[in-house]
1. Taking only the range 245-266 into account, find how many residues are out of contact with any helix residue (DSSP H, G or I) (no Cβ under 6 Å at 6 or more places or on another chain), farther than 19 Å from S291 by Cα and among the β-branched types (V, I, T).
2. What pairs come out if I take residues in the range 82-96 that are at positive phi and pair them with residues that are in a helix (DSSP H, G or I) whose C-beta lies under 7 Å away, six or more apart or interchain?
3. Could you check V38 against (1) touching a Gly at 6+ places or on another chain (Cβ under 6 Å); (2) part of a loop (DSSP other than H, G, I, E, B) and say which number it fails?
4. Taking the range 49-107 only, how many residues are under 28 Å from A306 (Cβ atoms) and aromatic (F, W, Y)?
5. Report, by residue number, each residue of the range 187-209 that is of a type in the set (A, V, I, L, M, F, W, C), without any contact (Cβ under 8 Å) to a residue 60 or more places away in the chain and either part of a helix (DSSP H, G or I) or closer than 29 Å to K255 by Cα (or both).
6. List every residue pair whose Cβ atoms lie under 6 Å apart, where the two residues are 6 or more positions apart in sequence or sit on different chains, the first residue falls within the range 157-173 and is closer than 15 Å to R124 by Cα, and the second residue, located anywhere, is among the polar types (S, T, N, Q).
7. Are there any pairs with C-beta distances below 9 angstrom linking a residue in the range 228-248 that is over 21 Å from A302 (Cβ atoms) and hydroxyl-bearing (S, T, Y) to a residue that is in a loop (DSSP other than H, G, I, E, B) and at pLDDT 95 or above, with the two at least 6 apart or on different chains, and if so which?
8. Does the range 220-250 hold any residues that are assigned to a strand (DSSP E or B) and either open to solvent by 60 Å² or more (accessible area, probe 1.4 Å) or touching a Leu at 6+ places or on another chain (Cβ under 7 Å) (or both), and which are they?
Amino acid sequence: MAAVNNGGTPNVSDDTKGGLVVSFGEMLIDFVPTTSGVSLAEAPGFLKAPGGAPANVAIAVARLGGKAAFVGKLGDDEFGHMLAGILKQNGVSGDGLSFDKGARTALAFVTLKSDGEREFMFYRNPSADMLLTPDELNLDLIRSAKVFHYGSISLIVEPCRSAHLKAMEEAKKAGALLSYDPNLRLPLWPSAEEAREQIMSIWDKAEVIKVSDNELEFLTGSTTIDDATAMSLWHSNLKLLLVTLGDHGCRYYTKDFKGSVDAFKVDAVDTTGAGDSFVGALLGKIVDDHSILEDESRLREALTFANACGAITTTKKGAIPALPTVSEALELIKKSSS
């Protein structure tokens, strides 16, 4: 496994087969109440859970046997080095990591309501991930990506926004497939209008986009979740648009076909990381064969696997500890079809 460094030539281990998925953005510590269904003030205690959507995706890819790297910035503090260690333990290259001596690793307190849905309170003032500069990017690593995945939190402030745009541009020039999950976190944005504007500012660059039903409503201003609403977000560079519907599965749209794939029934305790698990599973399937995006039966198979991975992730607290292995996902698919 690669050592954590601040740049230079990537040394992602070659003992894993397949192309590299590089995930860009934030990694942080989620503090999750030990008791579900209570407010932050009422929580008797908190479990410390590593998280951050792009990091979750990278670990999901690696846990499912793929090759993954994470690009981002952590605080040069106990939590930052703990997170770097978690990437390493999970087989994710940390060659894209840098550390900030002046800013802390980001923290988030995540309330689990009685239905397993979440409310967030963030501590970023500023946090290290917001301070990543274009000059700190490991461009060799980024250019070696077959898939480059990112969210929208890295667009909120400079200098991270410029680093995000530069990384995206370099990955695209080098031939990577661009994957975007906006992962809307409204409390982090100055306003809803600013969030919508910045999320859409890079919309037409991505070739694979995943939005949740709530994000679809937010971005379109429509309360109707249907094909017409989803297709209003279509653009000419897009190869696949996905709308995840929680326990109702997902809908998929390409230029030639569209459809839906059912969810798996599980006892959900925490939805944190389910969407990231879904994305990681899908990217791991398509990284070496982008033609899956043009073959409906193979795409449906990949999305069934992704749905299974997302479902399993909801059965445990915290994102990274709950991300499944291939055998767990196949077992759920087998059990559900019998």
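The values are calculated or read from the model by the stated rules, or taken from the named source; none is laboratory data. All values reported here derive from a predicted model rather than from experimental measurement. All Cβ positions, glycine included, derive from the backbone under ideal geometry; neighbour counts span all protein chains shown. Just the protein is used for accessible areas: all its heavy atoms, side chains included, with ligands, DNA and RNA removed. Shrake-Rupley method; radii C 1.70, N 1.55, O 1.52, S 1.80 Å.
1. Total satisfying the criteria: 0.
2. Sorted first by the residue in the range 82-96, then by its partner, the pairs are G91/A62.
3. For V38, the failing item is (1).
4. So the count comes out to 1.
5. A192, A195, I199, M200, I202, W203, A206, I209
6. P159/T133; C160/S154
7. Correct list of pairs: T229/S222; S232/S222; S236/K255.
8. Hits for the range 220-250 are L240, L241, V243, C250.
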